[in-house]
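Structure, as structure tokens:
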Amino acid sequence: MNLPTDYAALLRTGNWFQQLAPALQDQLLALARLRRLRGGQRLFARGDAPDGLYGMVEGAMRIGGWSESGKEAVLALIEPPHWFGEIALFDGQPRTHDAWAEGDVTLLHVPQQGLLALLSARPDYWRALALLMTHKLRLTFTMMEETALLPAAARLARRLVSMAEGYGDCKDRNRRLLYVPQEQLALMLSLSRQTVNQILKQFEAQHAIALVRGGIEILDIARLRQLA
């Protein structure tokens with residue numbers, strides 16, 4: 001399909017998509033369909049059949065799961081220009097987690113059948129998808145280590161730095177405003193909201209951040225790195 005020029009340009013600010021062969025970029029965009037969700041709408045649930053690859057162009061998606069007692073675990077907030085959904089592409093198994101829209105969302109959907117047909121015709125393209133998955137695997141190992149070894153304040157500072165820098169996938173990115181509720185930060189880091197609020201106020205007192213309505217403003221990312 002013909003996508004808005006600004007969506008294609010936005011996706012090319014991501015390191016993964018930017019480094020793809022131009023022909024593969026064009027083929028993914030040609031296969032893609034625009035999908036819009038309202039805040040709180042679920043894109044897919046744990047156990048759903050795989051339905052393809054998604055690229056974020058507006059808003060944010062919350063990835064997580066629920067325990068039998070109703071407790072939520074938030075693994076990530078996915079924002080533009082990130083792509084997700086590639087795990088089920090490789091193994092054909094059901095979705096591993098739930099994906100919910102945090103506010104209104106616009107994303108690109110590359111359907112499973114069309115993508116598999118492309119990869120069957122061009123097996124060399126599989127490596128590009130593998131690089132998307134291994135980047136996230138490295139992040140996962142790093143976060144597991146941080147959870148096991150670092151105190152809460154350092155973990156929170158590292159997560160804020162990582163989010164501001166686009167989880168290492170956005171070239172020269174350094175966001176000043178992070179629209180992430182404290183409740184979501186607490187769930188991502190397995191901390192209480194009270195603990196997260198106390199630490200954020202300490203960071204604010206050190207002029208590393210400012211707490212704003214609906215999120216966090218990064219005032220001094222170098223200082224935040226020191227706190228991490």
Check on Pro94, under 13 Å from Leu107 (Cα atoms) and touching an Asp or Glu at 6+ places or on another chain (Cβ under 7 Å): no
Flag for Leu116 being at pLDDT 90 or above, touching a Phe, Trp or Tyr at 6+ places or on another chain (Cβ under 9 Å) and over 22 Å from Glu183 (Cβ atoms): no
Failed item in (1) exposed (fewer than 15 other Cβ atoms within 10 Å of the Cβ); (2) farther than 24 Å from Lys71 by Cα, with Glu183 passing the rest: (2)
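On the given criteria, is Leu108 out of contact with any Asp or Glu (no Cβ under 6 Å at 6 or more places or on another chain) and touching a residue at least 40 places away in the same chain (Cβ under 8 Å)?
yes
Working carefully through the options Phe141, Phe203, find the one that is at negative phi and open to solvent by less than 30 Å² (accessible area, probe 1.4 Å). So that I can check it myself, show each step before the final result.
On the way: Phe141 fails: open to solvent by less than 30 Å² (accessible area, probe 1.4 Å).
Being at negative phi and open to solvent by less than 30 Å² (accessible area, probe 1.4 Å) holds for just one of Phe141, Phe203, which is Phe203.
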For Glu58: the one exception among (1) open to solvent by 30 Å² or more (accessible area, probe 1.4 Å); (2) more than 17 Å from the chain's Cα centre (by Cα); (3) of a type outside the set (Phe, Trp, Tyr): (2)
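Being open to solvent by 60 Å² or more (accessible area, probe 1.4 Å), in contact with a strand residue (DSSP E or B) (Cβ under 9 Å, 6 or more places away or on another chain), hydroxyl-bearing (Ser, Thr, Tyr) and modelled with pLDDT under 95: is that true of Thr147 here?
Details: open to solvent by 60 Å² or more (accessible area, probe 1.4 Å): yes; in contact with a strand residue (DSSP E or B) (Cβ under 9 Å, 6 or more places away or on another chain): no; hydroxyl-bearing (Ser, Thr, Tyr): yes; modelled with pLDDT under 95: yes.
Criteria not met by Thr147.
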Residue that is nearest to Trp83 (Cα to Cα), among those in region 12-53 that are among the polar types (S, T, N, Q) and in a loop (DSSP other than H, G, I, E, B): Thr13
Whichever residue in region 150-173 is acidic (Asp, Glu) and open to solvent by less than 60 Å² (accessible area, probe 1.4 Å) and, among such residues, is modelled with the highest pLDDT: Glu165
For Asp104: the one exception among (1) under 22 Å from Ala8 (Cα atoms); (2) open to solvent by less than 20 Å² (accessible area, probe 1.4 Å): (2)
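The values are calculated or read from the model by the stated rules, or taken from the named source; none is laboratory data. Small disclaimer: the values here were computed from a predicted structure and weren't measured. No Cβ is skipped: glycine too gets one built from the backbone with ideal geometry, and neighbour counts run over all protein chains shown. Note: areas computed on protein heavy atoms with side chains; ligands, DNA, RNA excluded. Shrake-Rupley method; radii C 1.70, N 1.55, O 1.52, S 1.80 Å.
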